[in-house]
Amino acid sequence: DWAFYMIPTTATLHVPFGSKESYENADGWKDFGRIVEISDSFVEEDVAYAMQEDNSVAISGNDNAKDEVILLETVIHDGVKFPVIAIGDEAFKGNTDLTLVSIPESIEIIGVSAFAGCSGLKIIYSYAVNPIALGNSKATVRTCADGDDVSASTVFANVDKDVCILYVPKGSSDKYRAADGWKEFQNIVEMESDMLGDVNNDGNLNNEDINAISDYITDNR
């Protein structure tokens, strides 16, 4: 009990989902004035998350129609900060409105069919120097503009990899071109700038970047 001797009885203790009863019956822990379970799933800034056993979070099902999604390295839920380490299975599956997604360096794995059917996806920013592991499930899917069937990871099934631009950190393009799933993208471009949206790599965010994206999408419709 001495470990928490100086903690006031009004203090709130945040505990993992499903463990509140155990803490309420444990010596020392039960003396906290308020014991609150962290929800097993929650939504922050229109992105859905699910708690993992190691107290990290994964991005889960997102049925919203957002066209641009900027994923964060950490999120704050119930006053506690959690690392975002995964994009779950089918997280954005079938979101045809999605045109741009930014994937932070913290992501360790992208689940099966996470972006399957995102036929409108035109730009992917991946800030991981080493290609992120993709879900192992594979299928023969129609992915090319000319209609050829190719063996592809289901993570990006039906994303037009002839059109979608994959932006990667400087010096890592060869790694992506050699990585299963990622190497199917025909436009892999190294980011000279760390600024999200600096598509012309001039170190500035301005109308030139907007025009460059608009021109590219218009030319490849």
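At 0.36 nm per residue, and after removing the present C-alpha to C-alpha distance, how many nm does the segment from residue 173 to residue 46 gain when stretched out fully?
42.6 nm
What nm distance separates the two modelled labels at residue 20 and residue 55, each placed 7 Å from Cα along Cα→Cβ?
1.8
Rounded to the nearest 10 Å², what accessible area does residue 176 have for a 1.4 Å probe in the complete protein model?
The value for residue 176 is about 0 Å².
When the accessible area of segment 42-110 is split by element with a 1.4 Å probe, what percent falls to carbon and sulfur?
C and S atoms contribute 44 percent here.
The values are calculated or read from the model by the stated rules, or taken from the named source; none is laboratory data. The structure displayed is predicted, hence computed values, not measured ones. Cβ sites come from the backbone with ideal geometry, for glycine too, and all protein chains shown count toward neighbours. The protein model used for the area step is the full one, side chains on, heavy atoms only, and it has no ligands, DNA or RNA in it. Shrake-Rupley method; radii C 1.70, N 1.55, O 1.52, S 1.80 Å.
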